[in-house]
Amino acid sequence: RHPLATFFHLFFRVSAIVTYLLCDWFSNSFVACFVTILLLLSFDFWSVKNVTGRLLVGLRWWNQIDEDGKSHWVFEAKRVSTIAASTEAEARIFWLGLIICPVIWTMFFFSTLFSLKLKWLALVIAGISLQTANLYGYIHCKLGGQKAISRVTSRLFGTADVPKRQSRRISQDGTEEHGKTGTR
Amino acid sequence: MRDLKAVGKKFVHVMYPRKSSALLRDWDLWGPLMLCVSLALMLQGGSADSKDDGGPQFAEVFVIIWFGAVVITLNSKLLGGTISFFQSLCVLGYCVMPLTVAMLVCRLVLLAGAGTISFIIRLIVVGSMFGWSTLASTAFLADSQPPNRKALVVYPIFLFYFVISWMILTFTPQ
């Protein structure tokens, strides 16, 4: 149902990885490769976070700061009544793309570390953090409400003294909001 | 688009640092990323080692800026600041803008020659932009600290922008 979104979801991630592997063929300049891969990774991060997650699997997550300066991470999941075959395929592509790419970047991290090509390390670390951020956000959306994930998140964001509000508010367009974690 | 407009608004806010919460409330890291990349690109090719392909310096600038910003943020959080991690990164990143402008001016001045006069011009430009950056970021960040800790928070910011200004001032093209 969303062929364009599916295409772009995979396009930026895969081209970043391919460019990283083949950068010596394209150009001699380290800087050009670095900037290209960084741009591809940024486009990928933006499109997966803002567009493809919402369109393909009906999940979204963001951070908002309210009036008194406290920051909240909000994770939302759309409630769907029926799951069509095409949505299944799209969802599978989404999750496969989301999971496999950070794994590949982690392998690049170790290969860069052990082959001592340290100037690429900054790029690989940037790639890992951007892709893992999306992965973590969407997993949290998907599994929101389960105790284990909430406990880990509370520890990470230091909310030991703030009670976690688990409100299941169904809003107008059928989205279900859960897992509001308050941080300071 | 919404995100681009938000980034543009923050750039304007850095130019006129007034104590507004817009910079703090909707943080984003796109602006700092663009500034970091353009600054690193402009600082290229200043190495004395001619067989260098410019690689390490580019990655160095990147690492200095982001690692420095992370360390300052950790420092301010450990001192009991009320600002969140990404907000602080956002402010520090956006306040690199005056120094990026200084780098641009320096490169243009260096096109005309590298004598004493150009050095004095560059010194004045970099010095004033450094002051502007530090004041802008302090205006946003220091208020989230208790009053007796302000100097402890301002000092690393001062050092951070000082290092970047130093890199800009000592840049000499091949």
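Taken over the stretch A:1-44, the residue count meeting the criterion of being open to solvent by less than 40 Å² (accessible area, probe 1.4 Å) and either under 15 Å from A:G127 (Cα atoms) or modelled with pLDDT of 85 or more (or both) is 16. Confirm whether B:V91 is at pLDDT 85 or above, open to solvent by less than 70 Å² (accessible area, probe 1.4 Å) and out of contact with any Phe, Trp or Tyr (no Cβ under 7 Å at 6 or more places or on another chain). Taking the combined requirement at face value, the residue does not satisfy it.
In the stretch A:111-131, of all residues being more than 12 Å from chain B (Cβ to nearest Cβ) and surrounded by fewer than 15 Cβ atoms within 10 Å (Cβ to Cβ), the one that is nearest to A:I99 (Cα to Cα) corresponds to A:S111.
The residue of the stretch B:69-88 that is surrounded by the fewest Cβ atoms within 10 Å (Cβ to Cβ), among those that are aliphatic (A, V, I, L, M), under 14 Å from B:Y155 (Cβ atoms) and in contact with a Pro (Cβ under 8 Å, 6 or more places away or on another chain), is B:V71. If you go through the stretch B:159-174 and pick out every residue that is buried (at least 17 other Cβ atoms within 10 Å of the Cβ) and in a helix (DSSP H, G or I), you end up with 7. Being without any contact (Cβ under 8 Å) to a residue 40 or more places away in the chain, touching a Lys or Arg at 6+ places or on another chain (Cβ under 8 Å) and either more than 22 Å from B:L123 (Cα to Cα) or within 14 Å of another protein chain (Cβ to nearest Cβ) (or both), is that true of even one residue in the stretch B:85-103? For the stretch B:85-103, residues without any contact (Cβ under 8 Å) to a residue 40 or more places away in the chain, touching a Lys or Arg at 6+ places or on another chain (Cβ under 8 Å) and either more than 22 Å from B:L123 (Cα to Cα) or within 14 Å of another protein chain (Cβ to nearest Cβ) (or both): present.
Yes or no, residue by residue, for (1) at pLDDT 60 or above; (2) not in a helix (DSSP H, G or I):
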site	(1), (2)
B:R18	yes, yes
B:L33	yes, no
B:S38	yes, no
B:L41	yes, no
B:P56	no, no
B:F62	yes, no
B:V71	yes, no
B:L74	yes, no
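Can we say A:A122 is outside any helix (DSSP H, G or I) and either among the aliphatic types (A, V, I, L, M) or modelled with pLDDT of 80 or more (or both)? So A:A122 fails the test. For the stretch A:78-87, the candidate set comprises residues that are open to solvent by less than 80 Å² (accessible area, probe 1.4 Å) and either assigned to a helix (DSSP H, G or I) or closer than 22 Å to A:F45 by Cα (or both); within that set, the residue that is modelled with the highest pLDDT is A:T87.
The values are calculated or read from the model by the stated rules, or taken from the named source; none is laboratory data. These numbers were taken from a predicted model, which means no experiment stands behind them. Quick reminder, even Gly has a Cβ in these numbers, built from the backbone with ideal geometry, and neighbours come from all protein chains shown. Ligands, DNA and RNA are stripped out before the accessible areas are found, and what is left, the full protein with its side chains, is counted by its heavy atoms. Shrake-Rupley method; radii C 1.70, N 1.55, O 1.52, S 1.80 Å.
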